[in-house]
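Nothing in this text is a laboratory measurement; each read-out follows from the coordinates by a stated rule. It should be emphasised that the depicted structure is a prediction, and the values quoted were computed from it without experimental measurement. Don't worry about glycine lacking a Cβ; one is built from the backbone with ideal geometry, like all the others, and counts go over all protein chains shown.
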Amino acid sequence: MQAVTISFADNGSLALRESAVPPVGSRDIKIRVHASGINRADLLQRRGLYPPPPGVPAEIPGLECAGEVCEVGSDVSLFRPGERVMALLPGAGQAQYAVVDSELAMPVPVHLSWAEAAAIPEAFATAYDALFHHARLQPGETILIHAVGSGVGTAALQLSAFAGAGAIYGTTSRAKLGKAKELGLTCGIDYHSEEFAQTIAAREPQGVHVIIDLIGASYWQQNIACLSSGGRLVLLGLLGGAKLPANTTITPILSKRLTIIGTVLRSRRLDEKVLLLRELRRTLCPLFAGQRLKPVVDRTFAAEEVAEAYRYVESKQNFGKVVLLWQ
């Protein structure tokens, strides 16, 4: 099969190369991939900064895909050959074939394209888990979503609105604010020209209840200032660095009784991910089928254009997901 392959010896260059199709275990399904999502984690993996779990090839990125089931393991009853599925993967999803535990796949609603389906698993699983398992978002609570124009950000925005959140704030570039408001954003903050803590202080003097953050250290002090008493910060990424300034104080965490949670999806045990995907099949799949939630696809690229696709994601121009399409 053809697979996107990272050449670590050549500064992380990307190309399509021949690779062996993984074997199918008794719990697995083999997917003929039609579309693969690109995530920030793939960019980090390309730089050698986010290695996959043991047993997953480091040279083939890809945390989500969509395609047709072409083979099932002996213990699989959830899917049959020929069915359309979208899957959450520990890696190696940017290839013509992917093999994954059947419990980590979801059915694709008939109205969704392959590209739309491939934009769902990683973004919506991450956002759902952050909002409802970790942040425990309740109806009427206020929330601030950083990088609200990203794949995870647009998913968290829609899920927050659907769950009945109060005011929903989000940081992104000015060019993306209008599109975010169409998805339910109450107030957008241009991170290039505004201090988000000032905007939150003016509109929410008591602070917001929840912050979903993919940025990390560079937003830490403003985040802490923005949280209300008893507020919850869920940290999903470190795009703004991992080291806090030397003068950082943790006193507000105590005085405001804050909860700080760090979480990633990729490195979790299989049984934990299985439980999450079972919940998503029960709760989110009907919402996609009823078109009450929608994946946001910014652009698609042919698999042969993978280097250009990665450059586009690195440029941060995309609103929503960038997806590779396979012949």
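Any chance you could run the full-extension gain for Leu275 through Gln327? It's 0.36 nm times the residue separation minus the Cα-Cα distance, nm to one decimal. Walk me through the numbers before you get to the answer.
Working: separation 52, 0.36 × 52 = 18.72 nm, distance 3.25 nm.
Here the answer is 15.5 nm.
Amide H neighbours of Glu64 under 5 Å, counting only residues 5+ apart in sequence or on other chains, H built in-plane at 1.01 Å?
Correct list: Gly37, Leu89, Gly93.
Taking only Cα atoms and a 10 Å spring cutoff, compute GNM fluctuations for the chain and point out the largest among Thr300, Thr248, Thr199.
Looking only at Thr300, Thr248, Thr199, the largest GNM fluctuation is found for Thr248.
Please report how far the C-alpha centroid of region 141-160 lies from that of region 243-259, rounded to the nearest whole angstrom.
When both Cα centres are located, 24 Å separates them.
Under 8 Å for C-alpha pairs, at least 6 residues apart: give me the relative contact order for the chain, rounded to a whole percent.
In percent, rounded to a whole number, it is 18.
Roughly how big is the chain's charge dipole about its Cα centre, with Cβ charges of +1 (Lys, Arg) and -1 (Asp, Glu), in debye to the nearest 20?
660 debye
Give the dimensionless ratio obtained when the Cα radius of gyration of region 76-163 is divided by 2.2 N^0.38 Å.
Normalised Rg, Cα atoms only: 1.23.
Kindly count the pairs of lysines across the chain whose alpha carbons are less than 23 Å apart, treating pairs on different chains or eight or more residues apart as eligible.
Qualifying lysine pairs in the chain: 16.
Gln317 versus Gln198, label points 7 Å from Cα toward the beta carbon: distance in nm?
Spacing of the two 7 Å Cα→Cβ label points: 3.0 nm.
So if I take the centroid of the Cα atoms in region 273-327 and the same for region 70-107, what is the distance between those two points in Å?
Spelled out, the Cα-based centre of one part sits 16 Å from the other.
When a footprinting reagent is the concern and you count Cβ atoms within 10 Å, what order do Glu68, Glu122 take, fewest first?
Going from sparsest to densest Cβ surroundings: Glu68, Glu122.
For region 76-85, take each phi angle, set θ = phi - 60°, evaluate the Karplus expression 6.51 cos²θ - 1.76 cosθ + 1.60, and give the result in whole Hz per residue in order, putting x for glycine and proline.
With the stated coefficients, region 76-85 comes to 8, 10, 6, 9, 10, x, x, 7, 8, 9 Hz.
Rounded, prolate or oblate for region 90-218? Axes are the square roots of the Cα gyration tensor eigenvalues, ordered a ≥ b ≥ c, and the cut-off for rounded is a/c under 1.5.
Working: a/c = 2.12, a/b = 1.86, b/c = 1.14.
Because a/c hits 1.5 or more and a/b exceeds b/c, region 90-218 counts as prolate.
Over the chain, what per residue volume does the convex hull of the Cα atoms give, in whole Å³? List each step's numbers first, then the result.
Working: hull volume 43.1 nm³, N = 327.
Measuring per residue, one finds 132 Å³ for the Cα hull of the chain.
Rounded, prolate or oblate, given the Cα gyration tensor of region 183-222, with a/c below 1.5 counting as rounded?
Rounded is the answer for region 183-222, as its axis ratio a/c remains below 1.5.
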